[in-house]
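Notes for the one structure printed next.
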Amino acid sequence: ADGADNVTGTVVNLTTTGAGNTVGIGTSAADTFEVAATTLHVATVNGNIFVNDTAGGVAIGLVTAGTGTVNLTATGGSLTDAALDGLVNITGGTLNLTVTGAGNTIGTSTSIANTFEVEATTLNLTTTNGGIFVNDLSGGVALGAINAGTADVNLTATGGSLTDAAGDGLVNIT
């Protein structure tokens, strides 16, 4: 997390093999692996992923951490679906997805064809007054902190429920 891109490319593929190995410099969201990519693919075998795209937004092909945690940030841009095919874009136990810059979005519209598809146990999503358009395909997902500022939040759980991750009765969506 030194502010310099570790990898720059049009299509960036990052893969680890072996259970529990991570993609990231350290073991926390503070130690991210920085990329400048147009399209991003990342895969681990139940390992955590800590990636910050610095290119001003990135299209996600497939990011899969199995049961691991995915911490993915798009600095100054949106997280979008590279294929708009209705297939899963990100799989992980807990997904922490963040976009920075006013009006940048996670997904692109309420149309099911243009939503951002995920499979997760818990979702935490943050934008700066940009819309959130996410469809969980895993049969239900627990919502942690969902913050779109003044923008719309559109969450769908295909074949399951949207539940409160903390179970505390406090607001999860702002």
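The values are calculated or read from the model by the stated rules, or taken from the named source; none is laboratory data. No experiment lies behind these values; they were computed from the predicted model shown. Cβ sites come from the backbone with ideal geometry, for glycine too, and all protein chains shown count toward neighbours. In case anyone asks, the SASA skips ligands and DNA or RNA and just uses the protein heavy atoms, side chains included. Shrake-Rupley method; radii C 1.70, N 1.55, O 1.52, S 1.80 Å.
The candidate values are (1) 26, 21, 13; (2) 62, 16, 11; (3) 23, 18, 16; the one derived from this structure for semi-axes √(5λ) of the Cα gyration tensor in Å carries the label (3).
Roughly how many percent of the accessible protein surface of the chain is carbon and sulfur, given a 1.4 Å probe and a whole-percent answer? Numbers along the way, then the final one.
Details: 3750 of 7160 Å².
Summing carbon and sulfur atoms, their accessible area is 52 percent of the total for the chain.
Take every Cα pair under 8 Å whose residues are at least 6 apart in sequence, average their separation, divide by the length of the chain, and the relative contact order is 13 percent.
With every protein chain present, what is the per residue accessible area of the chain (1.4 Å probe, Å²)? Intermediate results must be reported in sequence, preceding the final value.
Working: 7160 Å² over 174 residues.
So the chain comes to 41 Å² accessible per residue, rounded to a whole number.
Label sites at residue 19 and residue 163, each approximated as a point 7 angstrom past Cα along Cα to Cβ, lie 2.5 nm apart.
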